[in-house]
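The values are calculated or read from the model by the stated rules, or taken from the named source; none is laboratory data. Note that the coordinates shown come from a computational prediction; the quantities given were computed from them, not determined experimentally. All Cβ positions, glycine included, derive from the backbone under ideal geometry; neighbour counts span all protein chains shown. We work out accessible area using only protein heavy atoms, side chains counted, and drop any ligands, DNA or RNA first. Shrake-Rupley method; radii C 1.70, N 1.55, O 1.52, S 1.80 Å.
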Amino acid sequence: MSPSELPDLLRAAVARLAPVIPVGQELGRRFAEAGHELALVGGPVRDAFIGRTSPDLDFTTDATPDETLAVILGWADAHWEIGKAFGTIGLRKGKYLIEVTTYRSDVYDRTSRKPSVTFGTTLSDDLVRRDFTVNAMAVRFPTLEFVDEHGGLADLAARVLRTPSAPEESFADDPLRMLRAARFASQLGFTVATDVQAAMTASAESLSMVSAERIREELTKLLMSDSPRAGLTLLVDTGLAEVFLPELPALQLEVDEHHHHKDVYQHSLTVLEQAIRLEGPRSVPGVSAPETVGGPDLVLRLAALLHDVGKPATRRFEPAGGVSFHHHEVVGAKLVAKRLKALRYDKETIAAVAKLVELHLRFHGYGTGEWTDSAVRRYITDAGPLLPRLHLLTRSDSTTRNARKAQWLARTYDDLEARIETLKAAEELAAVRPELDGNEIGEILGVPPGRVIGDAYKFLLGVRLDEGVIGPDAARERLLAWWAARNG
């Protein structure tokens, strides 16, 4: 960046910050009158230069948390002290959510997972401890003085991530910063400086010190970005993924052209990209209402990325040539559930992603439409509320470069979706139940509540799926026949 460009960039940033300047100056004057400094710092400043805005404002000050409270009480619409031990006071003023944090000079405890909090006395102390130079820029209030001691503006213009201090030291202070580098690569479209990437590779093992919850949050933010491929590739190339998501780099199976199988790793990244493009409303021939899962959708994105993680464990080279991955969807579902549990995802997310992985191959038994209505009913009921996501995952899983084959697969799935809609409209399959409930089963068989009732219920559900509505009398006959066979 040439010196002549700097004034124009600064003017543009100030223009984007214009809506927050009044509230910042009000707050800055209150701190100045109390003898303290105040500066807007980090993401809000960075985003002003790249055309992004946020109602969340991060300020830093030399005031202690108690001194900050004395300044904001009576001015803030509301405040909270949940982060006080770490130097942060939160408050709301109008539409803005504001955090004011005392200058920090803390470092990450290199033998544990907890930061050791030490308050600093100058803005310089605070800026040098931040993760990247593009996040180490500040605007002092109420003077609007721009502070950039580490060349963040030049790095922003070059779209590159560097650290204010030596990257090895920065990552030793907090290893999670390595994941933040990957996240920013995806969120902001930045590249990572060569020395920073080298430090990430050398320090990858130190990520094991960080709690699963913190890692999960960074992974989620990365996956929910517009272009997660760049960040995921960086995680794999530096060895970071091996520490917390080893199933992803394990997909880098050697490709033997004689066996004609795809690069599973690159295929998975492409499936993720295609799933992202499909998020949101879309029209399907023969379907009256567009399917949608909304977007961005974490469950769909996790399933798309991890749908083939069972392949390394199930790969077999066949005697006649070719390669097989029999039951990789079943193995993959178990691996996914185990990994997401280790990353402390919630039970609902784990169950949903694992179920999608388990079902992602089911469509390929459809052939050219040979499935009976019974098979279509089972597809619907097995997917349950995940059906819209299963539609998108299945369509995204087609990465063939054969245009004719891709078109055939799309048309075939269009046909399946149309059949699904027809059956759902006719039979209300979203709420399909056996034609006899548990109480009726117990009365007919003369048995108390327990396992027998559950087994009988599953049997009658299978009859319902296979044959549709047969009426309660016929269901009773089927139940008695099943009971007689069960008892010899």
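Ignoring the sites themselves, the chain has its longest run without GluC sites (Glu not before Pro) in a DSSP loop having at most 11 other Cβ atoms within 10 Å at 1-144.
Label positions at Arg52 and Glu213, each projected 7 Å from the Cα along the C-beta direction, are separated by 2.5 nm. Accessible area of Val299 (1.4 Å probe, protein heavy atoms only, ligands and nucleic acids ignored): about 20 Å². Were the residues from Gln266 through Ala34 laid out at 0.36 nm apart, the gain over their Cα-Cα distance would be 77.8 nm.
Considering only DSSP beta bridges whose two residues both sit in the chain, what percent are antiparallel, to the nearest 5? Numbers along the way, then the final one.
Values: 23 of 31 bridges.
Looking only at bridges with both residues in the chain, the antiparallel portion is about 75 percent.
Keeping all protein chains in place and using 1.4 angstrom, which order do His267, His150 fall into by accessible surface area, from largest down? Each step should come with its number before you reach the end.
Working: His267 20, His150 40 Å².
Largest accessible area first, the residues go His150, His267.
Put simply, the C-alpha atoms of the range 349-447 give a gyration tensor, and the ellipsoid matching it has half-axes of 32, 16, 11 Å, longest first. Any chance you could list P(r) for the range 379-435, counting all Cα-Cα pairs in 10 angstrom bins from zero, rounded to whole %? Result, from short to long distances: 21, 46, 23, 9, 1 percent. Taken about its Cα centre, the chain carries a charge dipole of about 720 debye when Lys and Arg each add +1 at the Cβ and Asp and Glu each add -1 at the Cβ.
Based on DSSP H runs of at least 4 residues, each adding -39500 (n - 2.57), what is the mean residue ellipticity at 222 nm of the chain after dividing by all its residues, to the nearest 500 deg cm²/dmol?
Details: 23 runs with 250 residues, N = 488.
Result for the chain: -15500 deg cm²/dmol, rounded to the nearest 500.
Of Thr399, Thr102, Thr53, the order by accessible heavy-atom surface (1.4 Å probe, DNA, RNA and ligands excluded), from most exposed downward, is Thr53, Thr399, Thr102. Across all Cα atoms of the chain, the radius of gyration (one decimal) and Dmax (whole number) stand at 28.7, 93 Å. The simple Förster model, with R0 at 30 Å and r as the Cβ-Cβ distance, assigns Leu298 and Glu421 a FRET efficiency of 0.70.
Our estimate of slack between Ile444 and Asp466, defined as 0.36 nm per intervening residue step minus the Cα-Cα distance, is 5.7 nm.
Net charge in the neighbourhood of Tyr345 (other residues with Cβ under 12 Å of its Cβ; Lys, Arg +1, Asp, Glu -1) is +2. Are any of the pairs Lys355/Lys424; Lys338/Lys458; Lys221/Lys347; Lys334/Lys458; Lys311/Lys341; Lys311/Lys405 more than 25 Å apart by Cα-Cα distance, and if so, which? Violating the 25 Å limit, Cα to Cα: Lys338/Lys458.
R0 = 56 Å: FRET efficiency of Val14 with Asp473, Cβ-based, nearest 0.05?
Details: r = 79 Å, r/R0 = 1.41.
Once the sixth-power term is evaluated, E becomes 0.10.
For the range 40-96, applying the loop criterion from DSSP together with a ceiling of 13 other beta carbons within 10 Å to the trypsin sites (Lys or Arg not before Pro) yields Arg52, Lys95. Nearest 10 degrees, 0 to 90: what angle lies between the long axis of helix 21-33 and the longest principal axis of the chain (Cα atoms)? Taking the Cα atoms of the chain, the angle to 21-33 is about 50 degrees.
Here the range 36-158 has an Rg and Dmax of 14.6, 43 Å, counting Cα atoms alone.
Share of antiparallel DSSP beta bridges in the range 10-100, in percent to the nearest 5? Here the antiparallel bridges make up roughly 75 percent for the range 10-100.
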